[in-house]
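The values are calculated or read from the model by the stated rules, or taken from the named source; none is laboratory data. For clarity, every value in this text was computed on a predicted model and none was experimentally measured. Please note: Cβ atoms are built from the backbone with ideal geometry, for glycine as well, and neighbour counts cover all protein chains shown.
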Amino acid sequence: TQLLEQSPQFLSIQEGENLTVYCNSSSVFSSLQWYRQEPGEGPVLLVTVVTGGEVKKLKRLTFQFGDARKDSSLHITAAQPGDTGLYLCAGENTGNQFYFGTGTSLTVIP
Amino acid sequence: DTGVSQDPRHKITKRGQNVTFRCDPISEHNRLYWYRQTLGQGPEFLTYFQNEAQLEKSRLLSDRFSAERPKGSFSTLEIQRTEQGDSAMYLCASSPPVGGREGYTFGSGTRLTVV
């Protein structure tokens, strides 16, 4: 099992602030995904990044895959209360399976 | 297709009892995964099927756990002689034949509480 560490584990910010969540590993991944999960529900896919150095934008969310494909970051601009949730990164191994990170719990205070 | 369905949504059981959960994946997805998740943590991989074949099992899946996917459609996860440490959310996900690159579609999970 490849270990994916996310930081910070918990984050509480005011509406309108910016934030960055990090996902780090010592392993190289074929691709990496970010999911958001709300309480009592399953994770929902936000993005898949495949190429080292790749940057993808989804409205106020910016995702980056590290050059060495071992790490990734998620940046949220002007956070809104609707962004509240558990953010999970998941790395793809050579067997085409995804292993999830430890999670970052984000609370955006109105 | 309404996505991945899991049943029941909640299960409370006494320690020592057996429980069985069901997962109905998206019909055209041939891959099916079971994960376990505790509060505030990421999902932990349990096992994975491609069609009816169980291709991988995590060390987390003790001999009290068994999963089946008899016809390559729905899957069941059974836990025998439940223990309090089994209390968690059990998530099922499916993905298309090309694998998870297009993303897993998760069900809403079954929350198990062992008392």
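If I ask for residues that are free of Cβ contacts under 8 Å to residues at least 24 places away in the same chain and touching a Ser or Thr at 6+ places or on another chain (Cβ under 7 Å), which ones from the stretch A:54-88 would you list?
A:Val55, A:Arg60, A:Gln64, A:Gly66
Scan the stretch A:1-14 for residues that are surrounded by 13 or more Cβ atoms within 10 Å (Cβ to Cβ) and more than 14 Å from chain B (Cβ to nearest Cβ) and report the count.
Qualifying residue count for the region: 1.
Please find, within the stretch A:15-36, the residue that is nearest to the other protein chains (Cβ to nearest Cβ) out of those that are among the hydroxyl-bearing types (Ser, Thr, Tyr) and farther than 17 Å from A:Leu86 by Cα.
A:Ser31
Just the residues that are within 22 Å of A:Ser27 (Cα to Cα) and either within 14 Å of chain B (Cβ to nearest Cβ) or part of a strand (DSSP E or B) (or both), please, taken from the stretch A:51-60.
Selection gives A:Thr51, A:Glu54, A:Val55, A:Lys56.
Whether any residue in the stretch B:82-89 is of a type in the set (Val, Ile, Thr) and either touching a helix residue (DSSP H, G or I) at 6+ places or on another chain (Cβ under 7 Å) or not in a loop (DSSP other than H, G, I, E, B) (or both) is what I want to check. Break it down stepwise before answering.
The first filter runs over the stretch B:82-89 and keeps only residues of a type in the set (Val, Ile, Thr), leaving B:82.
Still in the running and either touching a helix residue (DSSP H, G or I) at 6+ places or on another chain (Cβ under 7 Å) or not in a loop (DSSP other than H, G, I, E, B) (or both): none.
There is no residue in the stretch B:82-89 that is of a type in the set (Val, Ile, Thr) and either touching a helix residue (DSSP H, G or I) at 6+ places or on another chain (Cβ under 7 Å) or not in a loop (DSSP other than H, G, I, E, B) (or both).
Yes/no per residue for (1) at pLDDT 95 or above; (2) more than 18 Å from A:Asn96 (Cα to Cα):
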{"position": "A:Pro8", "(1), (2)": "yes, yes"}
{"position": "A:Leu11", "(1), (2)": "yes, yes"}
{"position": "A:Val28", "(1), (2)": "no, no"}
{"position": "A:Val44", "(1), (2)": "no, yes"}
{"position": "A:Gly52", "(1), (2)": "no, no"}
{"position": "A:Lys56", "(1), (2)": "yes, yes"}
{"position": "A:Leu61", "(1), (2)": "yes, yes"}
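Hey, can you tell me all the residues within the stretch A:61-110 that are within 14 Å of chain B (Cβ to nearest Cβ), part of a strand (DSSP E or B) and loosely packed, with under 15 Cβ neighbours inside 10 Å?
The answer is A:Thr107, and nothing else.
Please specify each residue of the stretch A:17-34 satisfying the condition of being among the aromatic types (Phe, Trp, Tyr) and either surrounded by fewer than 16 Cβ atoms within 10 Å (Cβ to Cβ) or free of Cβ contacts under 8 Å to residues at least 60 places away in the same chain (or both).
Within the stretch A:17-34, A:Tyr22, A:Trp34 meet the criteria.
Could we say that B:Leu39 is at pLDDT below 95, within 11 Å of another protein chain (Cβ to nearest Cβ) and assigned to a strand (DSSP E or B) here?
Considered against the rule, which asks whether it is at pLDDT below 95, within 11 Å of another protein chain (Cβ to nearest Cβ) and assigned to a strand (DSSP E or B), B:Leu39 comes out as no.
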